[in-house]
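These notes concern the structure reproduced below.
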Amino acid sequence: MESAVTKFLFVTDLDNTLVGDDRALVELSELLQQHRQQHGTKIVYSTGRSPFLYRELQQEKNLIQPDALVVSVGTEIYVDGSDTPDSDWSKILAPGWDKQAILNITKKFSELVLQPETEQRPFKVSFFLEQKASCDILPQLEEEFKNSELNIKLIYSSGIDLDILPLSSDKGQAMQFLRQKWQFASEQTVVCGDSGNDIALFAVGNERGIIVGNARPELLQWHQQNPADYRYLAQNYCAAGILEGLKYFSFLE
Ligand code: GLC
Ligand code: MG
């Protein structure tokens, strides 16, 4: 009988999703690598980190080489270990993107504290914003940007990180770009995450979704408000939660 096992597109966030349980990370990485060799499965990391902070984590945790690396919350895609970002993707993000115009608006808000220089990227402006202040500030910011007609989106994660990105960009859009490039059906695609900037991965289409057991309240709340049978909330944390979900969806035996 022919085996039902086939290749799939595996897309995962890093911090507190793939990374966070060292033993499960090693086990999952081995299984994924085998699957890639035997079936042509593709592995994609999708992180909020800049290339600089990604490299730090890659070395610290000895992460296996992905087939594509999506950094800076979906705004840069590096395929097959390339060190230049995919230019087709950059072309989609560039129209109307104006960093100076964004900073002119954000400087009115003293609660917004710029993140370190490494995390300011060609298509991403990032701040720290305390959770306490966020309930007041986020709606005001939304309003200011709406009036300015700058085509941007705000993404708030983990009660501290505020990212400003082009409207055409986020982790979900970047995932769709790769899915179409490599021709994977949404049923053969699985996305994994734990926090606010991962909501876009789950919300963009009907790809299979794994929310790890340690997910942040902003993602859990969104999941409760938008339940779907193609999304699975794992009991286990981090890579152990991913393993649980991959078995649930029969991507792994
Ligand atoms: C990572 C990035 C940071 C971003 C956060 C949330 O921590 O370094 O710039 O704000 O992810 O997306
Ligand atoms: Mg995370």
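Amide H of THR47: which non-local residues (sequence gap of 5 or more, or other chain) have their own amide H closer than 5 Å, using H built in the peptide plane?
VAL70, VAL71, SER72, VAL73, GLY74
Quick check: from the Cα gyration tensor, does the range 111-217 come out rounded (a/c under 1.5), prolate or oblate? Intermediate results must be reported in sequence, preceding the final value.
Working: a/c = 2.10, a/b = 1.57, b/c = 1.33.
Because a/c hits 1.5 or more and a/b exceeds b/c, the range 111-217 counts as prolate.
What relative contact order, as a whole-number percentage, does the range 135-233 give when Cα pairs under 8 Å and 6 or more residues apart are counted?
On the way: 123 pairs, mean separation 21.1, N = 99.
Relative CO of the range 135-233 lands at 21 percent.
Per residue, what volume in Å³ does the convex hull of the Cα atoms of the range 105-173 enclose?
On the way: hull volume 6.5 nm³, N = 69.
About 94 Å³ per residue, rounded to a whole number.
Based on alpha-carbon atoms only, what is the radius of gyration of the range 1-106 relative to the globular estimate 2.2 N^0.38 Å?
For the range 1-106, the normalised Cα radius of gyration comes out at 1.28.
Mean-square fluctuation check for the chain, GNM, Cα pairs under 10 Å: which of GLN176, GLN221, GLN65 is largest?
GLN221
Between GLY193, GLY172, GLY205, where does the largest GNM mean-square fluctuation fall for the chain, given springs only between Cα atoms within less than 10 Å?
GLY205
Work through the residues other than GLU56 whose Cβ is under 13 Å from its Cβ and net out their charges, Lys, Arg +1 and Asp, Glu -1. Spell out each step's value before the answer.
Numbers: positive: ARG49, ARG55, LYS61; negative: ASP15, GLU60, GLU119.
That sum, taken over residues with Cβ under 13 Å, equals 0.
For the full complex of protein chains and a 1.4 angstrom probe, list ASP21, ASP136 by accessible area with the highest value first.
Details: ASP21 55, ASP136 105 Å².
Of ASP21, ASP136, the descending order of accessible area is ASP136, ASP21.
Need one number: nm distance between label points at GLU142 and LEU31, each 7 Å from Cα along Cα→Cβ, rounded to one decimal.
Spacing of the two 7 Å Cα→Cβ label points: 3.8 nm.
Name the most mobile residue of ASP163, ASP13, ASP80, meaning the one with the largest mean-square fluctuation, in a Gaussian network model of the chain with Cα contacts below 10 Å.
ASP80
What are the principal axis extents of the Cα atoms in the chain, in Å, biggest first?
64, 36, 33
When the accessible area of the range 74-228 is split by element with a 1.4 Å probe, what percent falls to carbon and sulfur?
Roughly 49 percent, rounded to a whole number.
With the cut-off at 1.5 for a/c, could you classify the range 25-175 from its C-alpha gyration tensor as rounded, prolate or oblate?
Prolate shape, in that a/c is at least 1.5 and a/b is the bigger ratio.
For the range 59-88 and the range 90-148, compute the distance between their C-alpha centroids and round to whole Å.
Computed from Cα coordinates, the inter-centre distance equals 24 Å.
Ordering ASP83, ASP22 by how much accessible area each has at a 1.4 Å probe, largest first, what is the list?
Output order, biggest surface exposure first: ASP83, ASP22.
Helix-derived [θ] at 222 nm for the chain: sum -39500 (n - 2.57) over DSSP H runs of at least 4, divide by residue count, nearest 500? Intermediate results must be reported in sequence, preceding the final value.
Values: 9 runs with 99 residues, N = 253.
For the chain, the value works out to -12000 deg cm²/dmol.
Nearest 0.05, what FRET efficiency do GLU130 and TYR230 give at R0 = 35 Å with Cβ-Cβ as r?
0.50
Once you order the gyration tensor axes a ≥ b ≥ c over the Cα atoms, which shape class does the range 63-128 get: rounded for a/c under 1.5, otherwise prolate or oblate by comparing a/b with b/c? Don't skip to the end; give the middle numbers.
Values: a/c = 3.85, a/b = 1.75, b/c = 2.20.
Here the range 63-128 falls in the oblate category.
Counting heavy atoms of the protein chains only and a 1.4 Å probe, report the per residue accessible area for the chain as a whole number of Å².
Per residue, the chain has an accessible area of 48 Å².
Give the total of Lys-Lys pairs in the chain with Cα-Cα distances below 13 Å; include a pair only if its members are 8 or more places apart or on different chains.
Numbers: LYS7/LYS42; LYS42/LYS181; LYS99/LYS107; LYS99/LYS124; LYS99/LYS153; LYS124/LYS153; LYS124/LYS171; LYS153/LYS171.
Number of lysine pairs found: 8.
Run the quick spin-label model on GLN120 and GLN38: label points 7 Å from Cα toward the beta carbon, then report their separation in nm to one decimal.
Distance between label points: 4.9 nm.
The values are calculated or read from the model by the stated rules, or taken from the named source; none is laboratory data. The model shown is predicted, which means the values in this text are computed figures rather than measured ones. Please note: Cβ atoms are built from the backbone with ideal geometry, for glycine as well, and neighbour counts cover all protein chains shown. Just so you know, the surface numbers come from the protein's heavy atoms only, side chains and all, with ligands and any DNA or RNA stripped out. Shrake-Rupley method; radii C 1.70, N 1.55, O 1.52, S 1.80 Å.
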